Amino acid sequence: MNRILKLSIILCLVAFLPLNAQDISIYVNSNQGSLAGKNWESGNRGGSMGLNFSHPIKHSYNYIVGSEIALVPWGTNISANLGVCYTKNINTKWQYTVSTLSNQGVALFRPKSLYVYGLSGLIGVDYKLTNKLSLGIQSGLKYYSCPSYKQYSLISSYLDIPIQIRLKRILNIKKD
C-alpha cells in the first residue's frame, strides 16, 4: 500500500473523531458537467456520497470534517473533507447555507492508487422536518483533479455543477 493511500485512510478516520459534533449530515451529489480540462462538456459526470460532521466556530459559522466516496470519469475516489459553512435561519423551518469544502484523497487504481484533490463551493436551503432533523438541497461549483492521470488521458481535471441532497441530524441543540 503506498504512502498516499495510507495518509488518505488516516485522514478519513480522523474525520470521524469529532464526538462532540453539533450535527451530522449524509449527502448524495449528482455532478453535472461544465469543463473537462479546458473544454466545455455537458452531461452527467457521475456522483458521490458522503458523511460530514460539523461543529460551531463562532456565531453562524461551523467547521466541517468528513469523508466522501465518488464515482467520477477516471474511476472511484475516496477522500477526506475539510471546510467551513455559514448557516442563517430564514424562519423557524427554513435556513440557508453557504459552504466551501476541500477534498484530499486517492483514486482507487490498480496497481497503484493516485492522489486526487478538489475544492467546492455550495449554496443551498434546508427545511427542518423536526426539531433535530432537516432535509436540504445545495448546488454550486466543484473542481477536482487527479494530476497523475495525465499519463493515461488528456483530461485530468473537471469543473462540475453538483446538485446535492442531504439529510442532517442535529446531535446537540444550540443554546442561545
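Overview of results
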| quantity | calculated |
| --- | --- |
| Helical mean residue ellipticity (222 nm; -39500 (n - 2.57) per DSSP H run of 4+; nearest 500) of the chain | -2000 deg cm²/dmol |
| The chain: Lys pairs at Cα distance under 19 angstrom, eight or more positions apart or on different chains | 23 |
| DSSP beta bridge pairing in the chain, given as percent antiparallel to the nearest 5 | 100 |
| Cα gyration tensor, the stretch 92-144 - rounded (a/c under 1.5), prolate or oblate | prolate |
| The chain: most fluctuating residue of ARG166, ARG45, ARG110 per GNM, C-alpha cutoff 10 Å | ARG110 |
| Loop-resident sites, the stretch 49-126, for trypsin sites (Lys or Arg not before Pro), counting at most 14 other Cβ within 10 Å (DSSP) | LYS93, LYS112 |
| Read-out Rg/Rh (Cα atoms, Kirkwood Rh), derived from the coordinates shown; its label in (1) 1.00; (2) 0.93; (3) 1.08 | (1) |
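Values in this text are rule-based calculations from the coordinates and carry no lab data. Here the structure is a predicted model, which is why all the values come from computation and not from measurement. All Cβ positions, even for glycine, are placed from backbone atoms using ideal geometry, and neighbour counts span all protein chains on display.
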